[in-house]
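Here the structure comes first, spelled out in structure tokens, and everything after it is commentary.
Every number here is computed from the coordinates shown, using simple stated rules; none is lab data. Values in this document were obtained by computation on a predicted structure and should not be read as measured data. Methodologically, a virtual Cβ is constructed for each residue, glycine included, from the backbone with ideal geometry; neighbour enumeration extends over all protein chains shown.
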Amino acid sequence: MKKLVLAMFVFVSCFASKAYSDGHGIKMGIILGFTGPIESLTPAMAASAELAFKEASDSGSLLGGKKISVERADSTCVDSAAATAAAEGLISGGVVAIMGADCSGVTGAIATNVAVPNGVVMISPSATSPGLTDLKDNGFFFRTAPSDARGGQVLADITKDRKVKSIAVTHTNNDYGKGLADVYVAAVKAHGINVTVVTAHEEGKGDYGAEVATLAAAGGDALAVLGYLDQAGGSIIDGSLDSGAFDVFVLSDGMIGDSLTDRFGNDLNKSFGSLPGSMGKGATIFKDVAGAAGIDSSGPYTSESYDAAALIVLAMQAGGKADRATVQANVMSVANAPGTKIYPGELKKALDLLASGKAVNYEGASSVELTDVGEASGAFIEKEIKGGKFKDKKQR
């Protein structure tokens, strides 16, 4: 882990030095939970965003040859006060836009308290709470991940298709968990599935025996864990397996990552879930582009992170300026049709087209299509665990 952190620090430091070498650096912020309940997921997300920023910098075509520097900040995923302070540091440092944040609660706090009042665009790759759809953002908040209003329905459909007849549900006690649970529970009930209990759990506790006991007493064919893999969610699965309460788990997007299967392996072989993503042309290309840069793109929200950064870059180019208002004014125009379709690794092509006054339709790695409120309309990948590893089953 220390080697990974050191490697990422060197990458960012070298990137920043190169960006300022000609005196024309454009500052970009990345704010993700580098500590907290999804800390195993965020290094690849950040690296994917930085890959897009670097691709644009190295192209020589960004606003006549300008370079981008990146500053990271820690959202913690769960501490809104800490996340807000971290975002204030980015904005006072002069970033043009922010790729992030990640978890829904801190994302809403940053947008409301810092980014929107300062006229700074945020593009989140992973904040999925339905409540963010109606955020009073004055057009400064976007997300390349779709809302849980659709995600919960998709997960319920998969649960039905897997022939689960009764289910217990536990969710993390925040905007993400509550919003997803509301949608999921209503949808599984509509499918005729018996919901035996719905309980909330807090992050960061040392012991979840009481929570597991409550879920076990209610019973069910499966346990839906709508939370975070590196803290409470993983601990509740651990307790459930140890007690024999459940051996089938329905996993939300925040529960999907290699650290979970590394921890439990074949014990999870009957479990399944879903997360936003595409299995289309762009996803295939991105796997190769990311792999060439040494990035494992198989984890959650790596595609959406690359795409969020790419949209920021293309919006600047479309407006001809590296300023905050220009990004805000042009994100929608580069994200959707009409225009030449652009895929990962083709940012130079897109920048050159925009420089010549032509339109682009950024498809990216996740089949980007933004709704009128600036959020992804949304494809999802059904995941299952076989041989102790997450496998893609199909796109939903």
Residue list for the stretch 267-305, given a label point 7 angstrom along the Cα-to-Cβ vector of Asp238 and an amide N cut-off under 12 Å: none
Summed residue charge, Cβ within 13 Å of Thr284's Cβ, Lys/Arg positive, Asp/Glu negative: -1
Proximal aspartates and glutamates relative to Lys165, as straight alpha-carbon distance under 13 Å, when same-chain residues fewer than 8 apart are discounted: Asp157, Asp221
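Taking 26 Å as the cut-off for C-alpha to C-alpha distance, list the pairs among Lys321/Lys349; Lys189/Lys389; Lys348/Lys394; Lys178/Lys205 that go past it.
Details: Lys321/Lys349 18 Å; Lys189/Lys389 29 Å; Lys348/Lys394 31 Å; Lys178/Lys205 18 Å.
Where the Cα-Cα span goes over 26 Å, the pairs concerned are Lys189/Lys389; Lys348/Lys394.
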The stretch 347-396 - Rg and Dmax from Cα coordinates, angstrom: 16.6, 51
Partners for Lys391 among lysines (Cα-Cα distance below 21 Å; same-chain residues under 8 apart left out): Lys160, Lys163, Lys270, Lys281, Lys287, Lys383
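With the cut-off at 1.5 for a/c, could you classify the stretch 181-282 from its C-alpha gyration tensor as rounded, prolate or oblate?
Values: a/c = 1.62, a/b = 1.15, b/c = 1.41.
The shape class here is oblate.
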Charge context of Val373, other residues only, Cβ under 12 angstrom, K/R +1, D/E -1: -2
Nearby aspartates and glutamates by direct alpha-carbon distance to Lys66 (threshold 19 angstrom, same-chain neighbours under 8 apart not counted): Asp22, Glu50, Glu55, Asp58, Asp323, Glu346, Asp352
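Which net charge results for the neighbourhood of Pro300, defined as the other residues with beta-carbon distances under 11 angstrom from its beta-carbon, given Lys and Arg at +1 and Asp and Glu at -1? Spell out each step's value before the answer.
Values: positive: Lys383; negative: Asp102, Asp253, Asp258, Glu304.
The answer is -3.
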Pairwise label distance in nanometres, Asn269 with Ser298, each label 7 Å out on the Cα-Cβ vector: 1.8 nm
Length gained when the stretch Ala217-Lys386 is fully extended (0.36 nm per residue, less Cα-Cα span): 58.0 nm
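Report the gain in length on full extension from Lys393 to Asp161: 0.36 nm times residue separation, minus Cα-Cα distance, nm rounded to one decimal. All intermediate terms of the calculation are to be shown ahead of the outcome.
Working: separation 232, 0.36 × 232 = 83.52 nm, distance 1.26 nm.
Computed gain between Lys393 and Asp161 is 82.3 nm.
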Protection-proxy order for peptides 100-113, 346-359, each taking the mean of Cβ atoms within 10 Å per residue, highest first: 100-113, 346-359
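Please figure out what share of the DSSP beta bridges in the chain is antiparallel and state it in percent, rounded to the nearest 5. Don't jump to the answer; show the numbers that get you there.
Values: 12 of 50 bridges.
Here the share of antiparallel DSSP bridges comes out near 25 percent.
Report the full-extension gain for the segment Lys136 to Thr284: residue separation times 0.36 nm, less the Cα-Cα distance, to one decimal in nm. Don't jump to the answer; show the numbers that get you there.
Values: separation 148, 0.36 × 148 = 53.28 nm, distance 3.55 nm.
Extra length from Lys136 to Thr284 when fully extended: 49.7 nm.
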Cα gyration tensor shape for the stretch 276-318, rounded if a/c is under 1.5, else prolate or oblate: prolate
Cα-projected label distance for Asp372 with Ser356, points at 7 Å along beta-carbon direction, nm: 3.4 nm
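Starting with the highest mean, order 34-45, 302-313, 382-393 by the number of other Cβ atoms within 10 Å, averaged over the residues of each peptide. Please report the intermediate quantities before stating the final value.
On the way: 34-45: 23.2, 302-313: 30.6, 382-393: 16.7.
Taking the mean over residues of other Cβ atoms within 10 Å, the ranking is 302-313, 34-45, 382-393.
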Pairwise centroid distance, computed over Cα atoms, of the stretch 234-271 with the stretch 160-186, Å: 16 Å
Helix 80-92 vs. the chain, principal-axis angle (Cα, 0 to 90°, nearest 10): 10 degrees
Least to most buried among His171, His191 (fewest other Cβ within 10 Å first): His191, His171
Dipole magnitude of the chain about its Cα centre (Cβ charges: Lys, Arg +1; Asp, Glu -1), debye to nearest 20: 940 debye
